[in-house]
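Participant: To start, I am sharing the structure in question, which I have written as C-alpha cells.
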Amino acid sequence: MRIVGGRWRGRRLAPVGKGDAAARLRPTADRVREAMFNALTHGPDAVDLDGLRVLDVFAGTGALGFEALSRGAAEATFIESGRPALALLRANADLLGAEARIHARDALRPGPGSPHDLIFLDPPYGKGLGEKAVAMLLREGWIAPDAFIVWEEAARPALPVGWDRLDERRYGDTLVTFARAGIQDRAGA
C-alpha cells in the first residue's frame, strides 16, 4: 500500500500482508482509493480538501485519512478499536511524519467530539455498524453540518433522514456512497 496523490505521493505505508480477517482489516486497494479521491475531488459535487478537518472512522490502516492529509486536509482524526489496526495506524503516522489524532475507541461509543468536514466510514461489511456509528457520531458532535461523507460498504447504507446521497460507485465487492450530511440532523440526533 502507498499514498497515491498529493505531497506524500508514492510513499509506502506499513505492510499489512494479506490483511487480518480476525481484526477485520480490509485495506482499501491503492487503485480504489485513487478512484475514490478522483470522484471526491472532481465533478459536480467536488470537494476542495484544502484546510478540511477529516474524520476516518473504522480507520484500519488510516490510508484514507492519510491520503486526505497528503492532498491538503488540515488535520485528520482516526477512530479505531482493533489492536493490530492501531499499531498500523501509529506506524503509518510515523512513516509519513504526520500529525494524527488517533482515538483508540469503539466507533459506536466515540464520546464527545468536535465537528469534522469530511468523514470516511469503512465499517465491517453487512453488520449495520456504519449506521449505528453515524447516529452516535452525530449525537456526540463529530459530524459538521453539511459535512461530506464517503461510506464504504458491501450494500447501499441507510443514510440518516435529511442526508443527500450524491453518488455511488461500485469497486468489486465494495459500494462507495458519497453523501452530504443534512444541517438539521445535528438537532434531531
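Participant: In segment 92-189, what percentage of the DSSP-assigned beta bridges are antiparallel, given to the nearest 5?
Facilitator: Antiparallel bridges: around 70 percent, rounded to the nearest 5.
Participant: While we're here: Taking only C-alpha pairs under 8 Å that are 6+ residues apart, what is the relative contact order of the chain in percent?
Facilitator: 17
Participant: Tally the DSSP beta bridges in the chain and give the antiparallel ones as a percent, rounded to 5.
Facilitator: 45
Participant: With each label point set 7 Å from Cα along the Cα-Cβ vector, what nm distance links D50 and R12?
Facilitator: Label at D50, label at R12, 3.3 nm between them.
Participant: Taking the Cβ of each residue in W8, W142 as the centre, tally the other Cβ atoms inside 10 Å and list the residues starting with the fewest.
Facilitator: Ordered from fewest to most neighbouring Cβ atoms within 10 Å, W8, W142 come out as W8, W142.
Participant: What are the residues whose amide H is under 5 Å from the amide H of I102, where those residues sit 5 or more places off or on another chain and H is modelled from the backbone?
Facilitator: Long-range HN contacts for I102: F78.
Participant: Give the order of R109, R101, R53 when sorted by the count of other beta carbons within 10 angstrom, beginning with the fewest.
Facilitator: Final ranking by Cβ density, sparse to dense: R109, R101, R53.
Participant: Follow-up question, since we're still on this one. For S114, S81, what ranking results if the residue with the fewest other Cβ atoms within 10 Å of its Cβ goes first?
Facilitator: Sorted ascending by nearby Cβ count, the order is S114, S81.
Bear in mind that the values in this text are calculations on the coordinates, not laboratory data. These numbers come from a predicted model, not from an experiment. Quick reminder, even Gly has a Cβ in these numbers, built from the backbone with ideal geometry, and neighbours come from all protein chains shown.
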